[in-house]
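Working notes for the structure below.
The values are calculated or read from the model by the stated rules, or taken from the named source; none is laboratory data. None of the values given here were measured: they were computed from a predicted structure. Counting neighbours? That spans all protein chains shown, and the Cβs are built from the backbone with ideal geometry, glycine included.
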Amino acid sequence: MLIGITSRRLRALGPGVAALAMVACHRPTPSGPDPGAGTPVLAPLAPGSAFSVDGLFTARTFQLAGKKVFTSYGEDGTSESEHHWLIACKQVPVVAPPPRRIAEVSCEAEPVPDPCGGSNGGPFDIDFDAYWVATPAGLWQVANVDDPLEPIAMMLSLPPVARHDEVPVVDDDDADGDPDDDQGARDVYETKQSPDGAWCHMELSDPGGGAEASYQSWCFDATGLITGTAGDGHGANTWESSFTLR
């Protein structure tokens, strides 16, 4: 686990996108590199060199392999369904006053048809359309280019440093309700380096009271964004999405 939070759904960052094999039918492997081949090979850093986010601010197109798993827990056991997407992305630098750097990212996700006749799982749950913003202090992802850069939401300091911050959350709407509803509610921000050298940032929203936490993570190497995860749950149903650079 990335952090010590109790959740049956929170797994290690950056799982590879594996092809789903079924007894009667098999999902086709999308053209290009096998998305089930595991975590992409990271661009190695030269000895003594510093981690760089330059790859996030160059003009480029890239593809991601997306996966979403629905899980239902019931008296008769656990059932799962799995869906796949191919995600085409474009990254475009935006003119910004130095030393700030900005790049806009836009992506389109196309579901991989299910040869078994199942649904395509609806839209992919991770929204990639946003802006990367870097200053000498760090890296942020914002929805609008003029959004303020909140210190707590910094994804990576520059140079990257591991951190773990927890912010208690008080829901004003429950102020006159059950005090146990939001007991232990908190937002968690964590940045750490994985064993393979990538730097990963996770944001987790824990509503407290034993409810399921929602989370999202992003991992970077010297080339840019390489993998990430997101998940949420309601009652006996949960979903987990992941993406991996192709």
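So for the stretch 97-109 (the condition being within 22 Å of the chain's Cα centre (by Cα), part of a strand (DSSP E or B), over 24 Å from P148 (Cα atoms) and not polar (S, T, N, Q)), does at least one residue qualify?
Yes - at least one qualifying residue is present in the stretch 97-109.
Within the stretch 65-112, how many residues turn out to be over 27 Å from W140 (Cβ atoms) and either without any contact (Cβ under 8 Å) to a residue 24 or more places away in the chain or of a type outside the set (A, V, I, L, M, F, W, C) (or both)?
16
Which of the residues that make up the stretch 115-135 are among the hydroxyl-bearing types (S, T, Y) and in contact with a Leu (Cβ under 9 Å, 6 or more places away or on another chain)?
The one that is among the hydroxyl-bearing types (S, T, Y) and in contact with a Leu (Cβ under 9 Å, 6 or more places away or on another chain): T135.
When the residues of the stretch 203-246 are narrowed to those that are under 20 Å from Q63 (Cβ atoms) and among the β-branched types (V, I, T), which ends up surrounded by the fewest Cβ atoms within 10 Å (Cβ to Cβ)?
Out of the qualifying residues, it is T223.
Run down V112, V95 and say which single residue is over 25 Å from Y189 (Cα atoms) and in contact with a Leu (Cβ under 7 Å, 6 or more places away or on another chain).
V112 is the lone residue from the list that is over 25 Å from Y189 (Cα atoms) and in contact with a Leu (Cβ under 7 Å, 6 or more places away or on another chain).
Could you grab me the full set of residues in the stretch 144-158 that are outside any loop (DSSP other than H, G, I, E, B) and in contact (Cβ under 8 Å) with a residue 60 or more places away in the chain?
Across the stretch 144-158, the qualifying residue is only L156.
Return the residue satisfying two criteria in turn: it lies in the stretch 111-136 and is exposed (fewer than 14 other Cβ atoms within 10 Å of the Cβ) and acidic (D, E), and of such residues it is modelled with the highest pLDDT.
Among those that are exposed (fewer than 14 other Cβ atoms within 10 Å of the Cβ) and acidic (D, E), it is D129.
Any residue that is of a type in the set (A, V, I, L, M, F, W, C), part of a loop (DSSP other than H, G, I, E, B) and over 15 Å from T227 (Cα atoms) - is there at least one of those in the stretch 81-94?
No: zero hits.
Given the structure, is D172 surrounded by fewer than 16 Cβ atoms within 10 Å (Cβ to Cβ), within 30 Å of V95 (Cα to Cα) and either modelled with pLDDT of 95 or more or not basic (K, R) (or both)?
When the stated conditions are applied, D172 does not pass them.
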